[in-house]
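Notes for the one structure printed next.
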Amino acid sequence: MRIETIHYDSANGWSLPGFPEMDSDSTLALVFGSAKGIEGNVPLEELFTAYPRAHILGCSTAGEIFGTTISDDSLAVAVCRFGHTALRSTCVPIETAADSFTVGERIANELAAPDLRGVLVLSDGTNVNGSELVRGLNSVLPANVVTTGGLAGDGDRFQKTWVIDHRNAMSNRVSAVGFYGDHVVLGHGSKGGWDIFGPERLVTRSMGNVLFEIDGQPALDLYKKYLGDLATGLPANALLFPLSLRRGGGETARLVRTILSIDEKAGSMTFAGDIPQGSLVQFMRANFDRLVDGAMEAAQLAKKSREQAGQILAIAISCVGRRLVLGDRAEEEVEAVAEVLPENTRVIGFYSYGELSPYANGRCELHNQTMTLTTLSET
């Protein structure tokens, strides 16, 4: 397996004088870039032209990760040519968030095969219910298939995201690539680092990913009470105070949910994933050092999940909320990841509106406000 990473920005152009000659049916090109100005994007067209046979997956971001640096309005690219692994890719339209389960189910059916070992998913970030998308994937894919990925970003604007569909950058799409055979090695890890505060509260009315009431009170009113003066900056400021979700019934595993939009008239909030009625939630706030430690722990999990040799590609998907909280310290979390992973690892990724990964082991889950890593290599 050969891996090359390339960066583009308007000031410096491409970081390499030419595209590596790696085009083949077993080549995967990943590209993460700005949500703005994608129409007629010449660098993207140059990439597509350089790799006519490759499987190309990509999406818009809330910041591009390239090695240990974070940038905006750029392209972070990884080109991987596998030696012994077959690839199959697909892209499915998603008209509304209500279609999320069906879309996940369809993608899984299109990629399913006895020798499928892993699936990497990139989804529209504003027009999807991430929980239902994952549930659709899990309804078809066996538990031994590692499923990871993320929801596309649009900075802190939450207006429009894109995903690459057959070499076009388009909204309302979910794409995926499957990895086949016994030579591919996939690792994964996902950690947060937020602090929980306040009492645990009961979700008394919700519908899918729309939350109406907590403890019998309008959810948006209660949220505004906690945010205080920051409430004027909703929904973006909600990234600073996500919700911790526990499904109840004695379950101890916690997921994190981030707000995508609010409805003042209904007093409701729409999240990136489901908030089931009867579940238990608590407010969360940032702890700078623990966010960086969480990124390091995610890298340790990914490193331990499978023994890897040769070149390794690490795909880092971190939530936009983490970047907003960390501010100028955001690069510390990608530096922490690089310190843990083997020296022969290339890192690219993006800041997202949601992360897809198993909680620890087992089935994929939707996460928010985590650093999630997927590592790829071959034996």
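Points worth noting:
- Kirkwood hydrodynamic radius of segment 228-379, Cα pairs, Å: 16.6
- Per-peptide average of other Cβ atoms within 10 Å, ordering 298-304, 269-275 highest first: 269-275, 298-304
- Cα-based radius of gyration for segment 233-292, normalised by 2.2 N^0.38 Å, reads 1.21.
- Using the Karplus relation 6.51 cos²θ - 1.76 cosθ + 1.60 with θ = phi - 60°, the per-residue 3J(HN,Hα) values for segment 204-217 come to 9, 7, 7, 9, x, 9, 9, 9, 9, 9, 10, 6, x, 10 Hz, with x marking Gly and Pro.
- MRE, 222 nm, helices only [DSSP H, n ≥ 4, -39500 (n - 2.57), over the chain, to nearest 500]: -6000 deg cm²/dmol
- Scaled radius of gyration (Cα, divided by 2.2 N^0.38 Å) that the chain gives: 0.93
- HIS183 sits among other residues whose Cβ lies under 11 Å from its own Cβ, and their net charge, with Lys and Arg +1 and Asp and Glu -1, is -2.
- Amide H contacts under 5 Å for ALA272: THR258, LEU260, restricted to partners 5 or more places along the chain or on a different chain, H placed in the peptide plane at 1.01 Å from N.
- Listing SER34, SER352 from fewest to most neighbouring C-beta atoms within 10 Å gives SER34, SER352.
- Zero-based 5 Å bins, Cα pair distances in segment 102-243, whole percents: 2, 8, 14, 15, 17, 15, 12, 9, 5, 2, 1
- Surrounding net charge for THR370, when Lys and Arg each add one and Asp and Glu each subtract one, Cβ distance under 14 Å: +1
- Once the Cα atoms are used to define both axes, helix 100-111 deviates from the longest principal axis of the chain by about 20 degrees.
- Relative intensity of segment 260-318 on a log10 scale, I(q)/I(0) at q = 0.12, 0.16, 0.22 Å⁻¹, equals -0.58, -0.83, -1.03, per a Debye sum over C-alpha point scatterers of equal strength in the absence of solvent.
- Under-5 Å amide H pairs with SER279, H placed in peptide plane, nonlocal only: VAL203
- If you take the alpha carbon atoms of segment 195-285 and fit the smallest convex hull around them, that volume is 83 Å³ per residue.
- Summary of the geometry: segment 320-379 and segment 169-220, compared by the centres of their Cα atoms, lie 15 Å apart.
- Amide proton proximity set for GLY310, modelled H, under 5 Å, gap of 5+: none
- Relative contact order, whole percent, for the chain stands at 21, derived from Cα pairs under 8 Å and 6 or more residues apart.
- Per-residue 3J(HN,Hα) values for segment 185-201, derived from phi via the Karplus relation 6.51 cos²θ - 1.76 cosθ + 1.60 with θ = phi - 60°, read 10, 10, x, 8, x, 8, 9, x, x, 8, 9, 7, 9, x, x, 6, 10 Hz in sequence order (x marks Gly and Pro).
- The Cα center of segment 260-312 and the Cα center of segment 73-96 differ in position by 23 Å.
- For segment 1-133, the alpha-carbon radius of gyration amounts to 1.13 times the rule-of-thumb value 2.2 N^0.38 Å expected for a compact globular protein.
- The gain in end-to-end length when the GLU339 to SER15 segment is fully stretched comes to 114.3 nm, 0.36 nm per residue minus the alpha carbon separation.
- Rg over Rh for segment 304-379 works out to 0.98, using Cα positions for both radii and the Kirkwood form for Rh.
Bear in mind that the values in this text are calculations on the coordinates, not laboratory data. The structure presented is a predicted model; accordingly, all values stated were derived computationally and were not measured. When we count neighbours, we look across all protein chains shown, and the Cβ atoms used for this are built from the backbone with ideal geometry, even at glycine.
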